[in-house]
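Let me begin by presenting the structure, written as structure tokens, before commenting on it.
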Amino acid sequence: MNSTHFAILYALAAPQLVAGVDLATAQHHQTRVIVASVANEPRHYLAFPDLVDLGDEVLVSFKRGQAHGGDPGAEIDTVRIDKLTDAVTPGPVTARLDGMIMQMGEWVRFPNGDIGSYIDAQEKQTETTRIGMRYTRSSDGGKTYGPLARVGLIDGVEYGYPFEFVVEGTTTWMLAMSFSNLAGGYSVHAPRPKAGQVAILRSEDSGRNWKFVRNLSREFGDLPINESSFVRYADGFLVATRGYDNRARLHFTTNDFKLRRQVDLTGTHDYITGYVGRPRLFMRDGRYYLMGRNWTEHVTLVSSATPSGGGPTFPAAMKLCLFRLDPVALTVEKAVILDNAERANVTDGYYPVPYFLERSGRTLFRIVDYKGVDRLPPQIMEFEFLWEEVR
């Protein structure tokens, strides 16, 4: 640093009050590493978990690679968590493609009982490029998997990045993103020239065939959105989106995903200062929740040249947050910092996936996630909270 001395001031040092909502911090917070990063292993960068609750066990997948992205040879690995004993046992690698990057794996439990893993497959030559979504299936509860296959064209479009699935009766919906380098894709997102559109797809035969339902990027007003989540609400759906414009939004749609109403959460709540990263919506006990990577305050650099505080402003430490939603008003009615209230230097992390456990008369809220501090390779973590406290 040069001779100019800087001080860091937190713009929001006290709990924030927005429309009567306090920003709380979880008090019961247990943490354990379920898959550790081992420095001498070639693939020691562990990230992007997803899970499927099988009843007595939780099946977890995650990326095993060398970096956050752009790392040829990255694969999707698995472990199983025994809900009675908490034991963690390794499972098979579900996705590996020589010289390619298996970046994200998303589970779906189809109506016929099969478990599918859908993967954001990439390659890197001069730059990282999507090569089309891959998938593999298991018919024995995730013990063995079929061959890795390409999803291919869906009504003339090939998709690259699967976000999430909702299964209801015989119908499976998929939320996925196209890319301009893949067939049928085109871009309106200036910050990411190859990024395409977020769409809803539907299958009536447990993923054997898919049909296009709606382009949500266009339906929501040509918004520059990418990572998204959705959940059934009333006679339609709630959709949460992360924008390339650094905004978090909540949308309420009809059953066929026509927009009814949408709200910019970043512009509504002071403790959401940008996007909510890798958003996850879920419903529990009749209430609706959003969680993900969040920044609850900004930091301002103040120098002797700008004593009034006019220096550059940038996001402070990233945190894992849980927001209880009012689905009618599309607002937050409770906000909780789940992890990193102490503002550690979390340099990569927080793509959370939840499961619940009843033990000793209490409901435990558990989150499988990844986390790296001070630029160390991240590990696959499990956070535990008391549901009665954070709900």
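Some points to look at:
- Test: residue in the stretch 151-172 that is out of contact with any Leu (no Cβ under 8 Å at 6 or more places or on another chain), more than 13 Å from Tyr244 (Cβ to Cβ) and open to solvent by less than 10 Å² (accessible area, probe 1.4 Å): yes
- When Ser228 is tested against (1) polar (S, T, N, Q); (2) more than 14 Å from Met174 (Cα to Cα); (3) in contact (Cβ under 8 Å) with a residue 40 or more places away in the chain, just one condition goes unmet, and that condition is (2).
- Where strands (runs of 3 or more DSSP E) fall wholly inside the stretch 282-380, the ranges with 1 or more residues that are modelled with pLDDT of 95 or more are 287-294, 319-326, 331-339, 346-349, 353-359, 362-373.
- Taken over the stretch 125-177, the criterion of being more than 19 Å from the chain's Cα centre (by Cα) and among the hydrophobic types (A, V, I, L, M, F, W, C) is satisfied by Ile131, Leu148, Ala149, Val151, Leu153, Ile154, Val157.
- Pair list, Cβ under 9 Å, 6 or more apart: the stretch 200-221 residue over 16 Å from Gly113 (Cα atoms), other residue surrounded by fewer than 15 Cβ atoms within 10 Å (Cβ to Cβ) and among the hydrophobic types (A, V, I, L, M, F, W, C): Ser217/Val188; Arg218/Val188
- Counted residues, the stretch 252-283 - those being open to solvent by less than 60 Å² (accessible area, probe 1.4 Å), in contact (Cβ under 8 Å) with a residue 40 or more places away in the chain and under 23 Å from Ala234 (Cα atoms): 9
- Scanning the stretch 84-138 for residues that are among the acidic types (Asp, Glu), part of a loop (DSSP other than H, G, I, E, B) and at pLDDT 95 or above gives Asp86, Asp98, Asp114.
- If the condition is being outside any strand (DSSP E or B), at pLDDT 95 or above and either touching a helix residue (DSSP H, G or I) at 6+ places or on another chain (Cβ under 7 Å) or of a type in the set (A, V, I, L, M, F, W, C) (or both), then the stretch 39-71 contributes Leu54, Ala67.
- Residue within the stretch 130-140 that is more than 25 Å from Pro279 (Cβ to Cβ) and surrounded by fewer than 15 Cβ atoms within 10 Å (Cβ to Cβ) present: yes
- Flag if Ala183 is in contact with a strand residue (DSSP E or B) (Cβ under 9 Å, 6 or more places away or on another chain) and more than 23 Å from Pro111 (Cα to Cα): yes
The values are calculated or read from the model by the stated rules, or taken from the named source; none is laboratory data. This one's a predicted model, so the numbers in the text were calculated from it and none came from an experiment. Methodologically, a virtual Cβ is constructed for each residue, glycine included, from the backbone with ideal geometry; neighbour enumeration extends over all protein chains shown. SASA here: full protein model, heavy atoms, side chains in, ligands and nucleic acids out. Shrake-Rupley method; radii C 1.70, N 1.55, O 1.52, S 1.80 Å.
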